[in-house]
Ligand SMILES: NC(=O)c1ccc[n+]([C@@H]2O[C@H](COP(=O)([O-])OP(=O)(O)OC[C@H]3O[C@@H](n4cnc5c(N)ncnc54)[C@H](OP(=O)(O)O)[C@@H]3O)[C@@H](O)[C@H]2O)c1
C-alpha cells in the first residue's frame, strides 16, 4: 500500500476544541501538516492551537458562518487540501417518551452541520481537481441500539453519505475517507453510565486516524476489537440482532 504524506498538507478540522478533533489537530501538526481548527468555543480552540494553528470559531449549524469560516481558512492557509469533520453531539434518547427536540438537534448538528461544511468545501475541491474529505462517523451507525435512536440514525446517515460521496468524487480526484471509532474517552462519553468496552484515549484515536490517512485507507475503523465486533454485528441476521439489542434495552430499564 502506498504512503501518503501529511507533511505540508493544509488541513481544516471542524470540531477541534476538544476530544478526537483536538487530539487529531495536534497529531497532524506534529506530522508536519498546516492546521486550522474550528468549533464554537474560541478559548478552547486557542488552548489546542498554542499559537501554532489557525483558529476560526464557528457554529456548524449556521450555513453562512460555516461558509465565512471556510473562506477565512482558505485565505489564512492559502487553500484547503483536507477537511476533517469531527463536530458532533450525543444524547441518550428515551424512546418511551419521544424527545422531538433532542432528535432534531442531533440531525441539526451531526447531519445538517456536515451538509453545511460539505457545501463550503466540495465545489472548490472539485474545481481544483484535488482534495480530501474525512468524516468522523461511528460504529454506532452500523446497527440500531436502544437509546441511540437519534445519534445512531445520524451516524448511519453519515456512513452512507460518505460512501456515496466517495463514489461521486473519485473521478474528480477528491478522496473521501470514512472514520468509524468505537468508544473514545472524551467530553462526549464522560457522563455515560453504561459499560464502554475497549475504550481508548483521544491521542490513540488521533494516531489511528493519522496512520490510516497516511496509508490511503478509504475507511478507518478502530480500536481493532470493537471494529471486529461491530463488523460481525453488521452481518448478523435481523432476528439475532433484535434479540441482542432487546437485552441491552432490558438492561437499561432495570
Ligand atoms: N467519543 C466517542 O466515543 C466517539 C465514538 C465514535 C464517534 N465519535 C464521534 O467523534 C466526533 C468527535 O467527538 P468527541 O468524542 O471528540 O466529542 P467532543 O469532545 O464532545 O467533541 C465534539 C466537538 O464538536 C464540536 N461541536 C459540537 N457542536 C458544534 C456546533 N454546533 N458547531 C461547531 N462545533 C460543534 C465541539 O466544540 P464546541 O462545543 O466548542 O462547539 C467539539 O469540538 C463526533 O462526531 C462523535 O460523534 C465519538
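From 186, 154, grab the single residue that is part of a helix (DSSP H, G or I), within 14 Å of the ligand (Cβ to nearest atom) and within 14 Å of the chain's Cα centre (by Cα).
That would be 154, the only listed residue that is part of a helix (DSSP H, G or I), within 14 Å of the ligand (Cβ to nearest atom) and within 14 Å of the chain's Cα centre (by Cα).
Any residue at all in the stretch 128-141 that is more than 25 Å from residue 208 (Cα to Cα), more than 11 Å from the ligand (Cβ to nearest atom) and surrounded by fewer than 23 Cβ atoms within 10 Å (Cβ to Cβ)?
Within the stretch 128-141 (the criterion being more than 25 Å from residue 208 (Cα to Cα), more than 11 Å from the ligand (Cβ to nearest atom) and surrounded by fewer than 23 Cβ atoms within 10 Å (Cβ to Cβ)), the answer is yes, since at least one residue qualifies.
Just wondering, is there one or more residues in the stretch 159-181 that are crowded, with 18+ Cβ neighbours inside 10 Å, farther than 17 Å from residue 197 by Cα, over 13 Å from the mean Cα position of the chain (by Cα) and within 14 Å of the ligand (Cβ to nearest atom)?
no
Scan the stretch 20-52 for residues that are outside any helix (DSSP H, G or I) and either at pLDDT below 95 or near the ligand (Cβ under 8 Å from one of its atoms) (or both) and jot them down.
Across the stretch 20-52, the qualifying residues are 38, 39, 40, 41.
Given the conditions (1) part of a loop (DSSP other than H, G, I, E, B); (2) within 15 Å of the ligand (Cβ to nearest atom), which single one is not true for residue 79?
Every listed condition holds for residue 79 apart from (2).
Could you tell me whether any residue of the stretch 215-232 is more than 15 Å from the ligand (Cβ to nearest atom) and surrounded by 14 or more Cβ atoms within 10 Å (Cβ to Cβ)?
The answer is yes; a qualifying residue exists.
Answer yes if at least one residue in the stretch 54-65 is over 25 Å from residue 129 (Cβ atoms), touching a residue at least 60 places away in the same chain (Cβ under 8 Å), surrounded by fewer than 22 Cβ atoms within 10 Å (Cβ to Cβ) and more than 8 Å from the ligand (Cβ to nearest atom), and no otherwise.
No, there is no match, as no residue in the stretch 54-65 is over 25 Å from residue 129 (Cβ atoms), touching a residue at least 60 places away in the same chain (Cβ under 8 Å), surrounded by fewer than 22 Cβ atoms within 10 Å (Cβ to Cβ) and more than 8 Å from the ligand (Cβ to nearest atom).
Does residue 110 satisfy the criteria of being buried (at least 21 other Cβ atoms within 10 Å of the Cβ) and within 23 Å of residue 181 (Cα to Cα)?
yes
So the check is Cβ under 8 Å with 6+ separation or different chains; which pairs have a first residue in the stretch 180-199 that's more than 18 Å from residue 146 (Cβ to Cβ) and a second one that's in a strand (DSSP E or B) and within 6 Å of the ligand (Cβ to nearest atom)?
181/136; 199/184
Please specify each residue of the stretch 26-41 satisfying the condition of being free of Cβ contacts under 8 Å to residues at least 60 places away in the same chain and either in contact with a strand residue (DSSP E or B) (Cβ under 7 Å, 6 or more places away or on another chain) or surrounded by 17 or more Cβ atoms within 10 Å (Cβ to Cβ) (or both).
Matches in the stretch 26-41: 29, 33, 34, 35, 36, 37, 38, 39.
(1) surrounded by 15 or more Cβ atoms within 10 Å (Cβ to Cβ); (2) in a loop (DSSP other than H, G, I, E, B); (3) over 20 Å from the mean Cα position of the chain (by Cα): which one isn't true of residue 17, the others all being true?
All conditions are met except number (3).
List pairs: first residue in the stretch 109-124 and more than 15 Å from residue 136 (Cβ to Cβ), second residue within 11 Å of the ligand (Cβ to nearest atom) and part of a helix (DSSP H, G or I) anywhere in the structure, Cβ distance under 6 angstrom, at least six positions apart or on different chains.
The qualifying pairs are 116/66; 120/66.
The values are calculated or read from the model by the stated rules, or taken from the named source; none is laboratory data. Everything numeric here is computed off the predicted structure, so don't read it as measured data. A quick note on method: Cβ atoms are made from the backbone with ideal geometry, for glycine too, and the neighbour counts reach across all protein chains shown.
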